[in-house]
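A.B. asks: My structure is below; once you've seen it, I'll send some questions.
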Amino acid sequence: MDLPRHHTIRDGDQRIVNPFTAEKLAVLGRAIRLRPGGTLLDLASGRGELLCTWARDHHISGTGVDLSTVAVEMSRRRADELGVSDRVTFVHGDAGGYVADRPVDVAACIGATWIGDGVNGTIELLERSLRPGGMLLIGEPYWRLDPPDQETVEACHAQHRDDFDDLAGLVRRFQRQGWDVVEWVLADPDSWDRYSAPHWLTIRRWLDENPDDELAGAFRDELTGDPLRHVLRREFLGWGVFALLKR
Ligand SMILES: C[S@@+](CC[C@H](N)C(=O)[O-])C[C@H]1O[C@@H](n2cnc3c(N)ncnc32)[C@H](O)[C@@H]1O
């Protein structure tokens, strides 16, 4: 099982596959007051940037699980590069249903809550790996502004307005499930740009080099349409990582 090829092509050499900059990731690592020797499980860990940089900066150890062989390989290379490969492990596989052998201090799913069929299910999944008193990190989109039409909904990677909460709705959802929201770091239009805009140059270069590839037509359409969709996305769609402690 692997991630479809078009995702890997589009994300190019981006280390963070979400509307978060390296600075925001570092702010989050400091904000949640990680302790040296702490343990972290990251489900859908992508290219491993969270685990690798936090292992370097906060002396934690941990495991990342991701469906993409390319992402797992990039994560291992990044761990070598940052000198933390003795403390972080990257596993290739489906994270839906993955439970750590030993309970961890922090369990995270950043921008992939479909692995647990949505926010509620992903919280339940992560909790199965968490020590009592441990912290959850959930990265999730929310509506910054109410989308006025279906064009805006679809530009924001949703099918229905109800696919996402607004920020207050997301906080209430966490609280209803029995968790205190104890920290957050939010994306902003500029950090959205740093996620989406690199896709366009990556796609354009790829198209120049692979004009006859079977994906060329779809990528040509995406390169024409996505900057316009992104005009809507950067205004209407918020995204953040929320730190939760069980009540
Ligand atoms: C939006 S990216 C987020 C990656 C990373 N958390 C980050 O913030 O950079 C989603 C990731 O989920 C992974 N993924 C998708 N479905 C998965 C599954 N069922 N199990 C594990 N990983 C999955 C993809 O390969 C991709 O790396």
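The values are calculated or read from the model by the stated rules, or taken from the named source; none is laboratory data. As the structure is a computational prediction, the values presented were derived from the model and not from experiment. To get the accessible areas, we keep the full protein, side chains included, count just its heavy atoms, and leave off ligands, DNA and RNA. Shrake-Rupley method; radii C 1.70, N 1.55, O 1.52, S 1.80 Å.
A.B. asks: Amide H neighbours of PHE90 under 5 Å, at least 5 residues apart or on other chains, H built in the peptide plane: list them.
C.D. replies: GLY64
A.B. asks: Within the chain, what whole-number % of the accessible surface is contributed by carbon and sulfur, with the 1.4 Å probe and all protein chains included in the calculation?
C.D. replies: 49 percent
A.B. asks: Continuing with this model, one more query. When 1/r is averaged over all different Cα pairs and the result inverted, which Kirkwood radius in Å belongs to region 6-63?
C.D. replies: Every distinct Cα pair counted, the radius reaches 12.1 Å.
A.B. asks: Quick one: Debye curve from the C-alpha atoms of region 5-246, no solvent, what's log10 I(q)/I(0) at q = 0.08, 0.09, 0.13, 0.14 Å⁻¹?
C.D. replies: One equal scatterer on each Cα of region 5-246 leads to -0.30, -0.38, -0.81, -0.94.
A.B. asks: A further question follows. Given a 1.4 angstrom probe, what's the average accessible area per residue across region 5-246, in square angstrom?
C.D. replies: It amounts to 48 Å² per residue over region 5-246.
A.B. asks: Then there's this: Among bridges DSSP assigns within the chain, what percent are antiparallel (round to 5)?
C.D. replies: Of the beta bridges lying entirely in the chain, close to 45 percent run antiparallel.
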